[in-house]
Amino acid sequence: MRTSGARGRTVRTAARLLSWCCLLALVALLAATVVVPRLTGATAYTVLTGSMTPTYPAGTLVVVRPRSVDDIGIGTVVTFQLASGDATVVTHRVVGLASRGGEPAFQTQGDANPAPDQTWVRPVQVRGAVWYAVPYAGYLTGLLSVRVRGLLVDAAAAVMVLYAISMFVGAGRQRRRAPAAGVTRHVA
């Protein structure tokens, strides 16, 4: 069914606006979670537990940038390895500073935890400080394997490019169909 007249134009304009908003939201999410971290040397991690609630509830994607240990102070939220060389990481707030064996050490605590972590964190364990976070985005990445995520990023990029092309082509066709305002055509 084809809609015509002013109501049809309003519906088409609203649909086009909604499409562009969805596309922009998808591009912004992709940029925040994939592109920006790759370009800046940052790493994205998913918060798996509620230990940092309400600041970073479970499912939040935190983007962590390397930071000099000299720039880490009380209140800084850091991501660190549980043990040096271990792939398992934790994101907690620094609540205490000390010198242990001639090097700095950090006492950390989750915002929702009643007491500080038992083990002090050494500089070699620190992956970086939280730069920014994207709520709920971690749920999406948690559902997908690394390989599938890579394929989806490539597919999403291709779909966005094709969608943008179709929008430009459609707009061009519509302009050609609509007569210029104030121009009268006579057929002899």
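Here, each number is a calculation from the coordinates, and none is a lab measurement. Values in this document were obtained by computation on a predicted structure and should not be read as measured data. Every residue, glycine as well, gets a Cβ built from its backbone with ideal geometry; the counts of neighbours run over all protein chains shown.
Tabulated values for the structure
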| quantity | calculated |
| --- | --- |
| GNM flexibility winner over the chain from A171, A133, A158 (Cα, springs under 10 Å) | A171 |
| Chain lengthening between A112 and M160 when straightened (0.36 nm per residue, less Cα-Cα) | 13.3 nm |
| Estimated [θ] at 222 nm from DSSP helical runs (n ≥ 4, -39500 (n - 2.57)) normalised by residues in the chain, nearest 500 | -12500 deg cm²/dmol |
| Between region 80-120 and region 20-37, the alpha-carbon center distance in angstrom | 32 |
| Spherically averaged projected area of region 14-168 from its Cα convex hull (nm²) | 11.1 |
| GNM result for the chain, Cα springs below 10 Å: residue of R65, R127, R12 fluctuating most strongly | R12 |
| Highest-fluctuation residue, V64, V89, V161 considered, GNM on the chain with Cα pairs under 10 Å | V161 |
| Principal-axis tilt of helix 146-177 within the chain, Cα atoms, nearest 10 degrees | 30 |
| Relative contact order of the chain, pairs being alpha-carbon contacts under 8 Å that are 6 or more residues apart, as % | 19 |
| Gained length - T40 relative to W20, 0.36 nm times residue gap less alpha-carbon distance | 4.5 nm |
| Efficiency of FRET from Cβ geometry, T49 and I74, R₀ 25 Å, rounded to 0.05 | 0.65 |
